[in-house]
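> This is the structure I have questions about; it appears just below.
The values are calculated or read from the model by the stated rules, or taken from the named source; none is laboratory data. Note that the coordinates shown come from a computational prediction; the quantities given were computed from them, not determined experimentally. All Cβ positions, even for glycine, are placed from backbone atoms using ideal geometry, and neighbour counts span all protein chains on display. The area values use the complete protein model at the heavy-atom level, side chains included, leaving out ligands, DNA and RNA. Shrake-Rupley method; radii C 1.70, N 1.55, O 1.52, S 1.80 Å.
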Amino acid sequence: KGKLKDEELTDVLEKSRIVLRNENDELVFARFGRVYMLPGGKIEEGETPVDTVKRELMEETTINILLDDTEPFAVTYNYLRDYELEDGTLVNRLVKTYYFTGFTSDDTIEYFNLTQNEKEDNLRGFFIELEDGIELLQDYNKENPKATYLALETLKVLEEYKNLNLED
């Protein structure tokens, strides 16, 4: 089968996520089912990647954010062959994700306004130190393809994040 080529794609999904830190330099992680990730979500029609990050956090949490930049510091491309959608359909999917950095002065995270799926999978957010977050991600569920690609992607993004020089 080899690597997925652009002409084989049957589905493209664009997302936006944020590396969000607090005053203690802890990051916000989200846990969805048994998958850990950075907060964010799917870009809706007519939205910019920045709009998405703001909307996702406003819609679902009580967190206020201050973006460091309106340009992403990283963009990832994941080519997923035979990716199974919720209805069982198999697609060749490209997931393009824009990553931003930001700051929050909040020290608690409360989720509300969740979808049924998010409620069932017990979506929750928490603050964690960068190195502890990396350790958590390295212990991902290797049986779950979504957990695998998200963990590996997030680890790469956090490595890039560590090289940024962010001053509050």
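> Of the cross-linked pairs 15/54; 42/146; 3/42; 3/146, which ones have a Cα-Cα span greater than 19 Å in the structure shown?
Details: 15/54 12 Å; 42/146 15 Å; 3/42 24 Å; 3/146 17 Å.
Exceeds cut-off: 3/42.
> Going by a ≥ b ≥ c, the root eigenvalues of the Cα gyration tensor, does the range 31-168 fall in the rounded group (a/c under 1.5), the prolate group (a/b larger than b/c) or the oblate group? Mind dumping the intermediate values first?
Numbers: a/c = 1.35, a/b = 1.26, b/c = 1.08.
Rounded, because the longest to shortest axis ratio a/c is under 1.5.
> Give the peptides 41-53, 91-103 in descending order of average Cβ contacts within 10 Å, highest first. Show your work: numbers first, answer last.
On the way: 41-53: 15.6, 91-103: 19.9.
Final packing ranking: 91-103, 41-53.
> So, one more: What shape does the range 38-77 have by the C-alpha gyration tensor, where a ≥ b ≥ c are the square roots of the eigenvalues, rounded means a/c under 1.5, and otherwise prolate means a/b greater than b/c and oblate the rest?
Details: a/c = 1.63, a/b = 1.21, b/c = 1.34.
Because a/c hits 1.5 or more and a/b fails to exceed b/c, the range 38-77 counts as oblate.
> So with the 1.4 Å probe, I'd like the accessible area per residue for the chain, rounded to whole Å².
On the way: 9770 Å² over 168 residues.
Each residue of the chain exposes 58 Å² on average to a 1.4 Å probe.
> Got the relative contact order for the range 1-151 handy, in percent, Cα pairs under 8 Å and 6 or more residues apart?
Across the range 1-151, relative contact order equals 33 percent.
> Using modelled backbone amide H atoms (1.01 Å from N, in-plane), which distant-in-sequence or interchain residues come within less than 5 Å of residue 18's amide H?
Correct list: 100.
> With θ set to phi - 60° and the Karplus curve 6.51 cos²θ - 1.76 cosθ + 1.60, what are the ³J(HN,Hα) couplings of the range 39-44 in order, to the nearest whole Hz, using x for Gly and Pro?
x, x, x, 6, 6, 7
> What residue among 57, 13, 155 shows peak mean-square fluctuation when the chain is described by a Gaussian network model with Cα springs under 10 Å?
Result for the chain, Cα springs under 10 Å: 13 fluctuates most.
> Whenever you get a sec, compute what percent of the accessible area on the range 1-114 sits on carbon and sulfur atoms (1.4 Å probe).
Values: 2770 of 6230 Å².
Carbon plus sulfur share of accessible area: 44 percent.
> OK, next. Mind pulling the per residue volume of the convex hull built on the Cα atoms of the range 1-91? Å³ is fine. Let's see the in-between values first.
Working: hull volume 14.4 nm³, N = 91.
Spread over its residues, the Cα hull of the range 1-91 gives 158 Å³ apiece.
> If you don't mind, another one. Whose amide H sits under 5 Å from the amide H of residue 26, counting only residues 5 or more places off or on another chain, with H placed in the peptide plane?
Here the answer is none, since no amide H 5 or more places off falls under 5 Å of that of residue 26.
> Here's a follow-up. What is the helix-to-structure angle for 145-162, meaning the angle in degrees between its Cα long axis and the longest Cα principal axis of the chain, kept from 0 to 90 and rounded to the nearest 10?
The answer is roughly 40 degrees.
> Which angle between 0 and 90 degrees, to the nearest 10, do you get for helix 49-60 versus the longest principal axis of the chain when only C-alpha atoms count?
70
> Continuing with this model, one more query. What fraction of the DSSP beta bridges in the chain is antiparallel, stated in percent and rounded to the nearest 5? Could the numbers behind the result be given before it?
Details: 25 of 36 bridges.
In the chain, approximately 70 percent of DSSP beta bridges are antiparallel ones.
> Let me ask something else. Taking the alpha-carbon centroid of each part, what is the distance from the range 127-156 to the range 1-48 in angstrom?
So the two Cα centres are separated by 13 Å.
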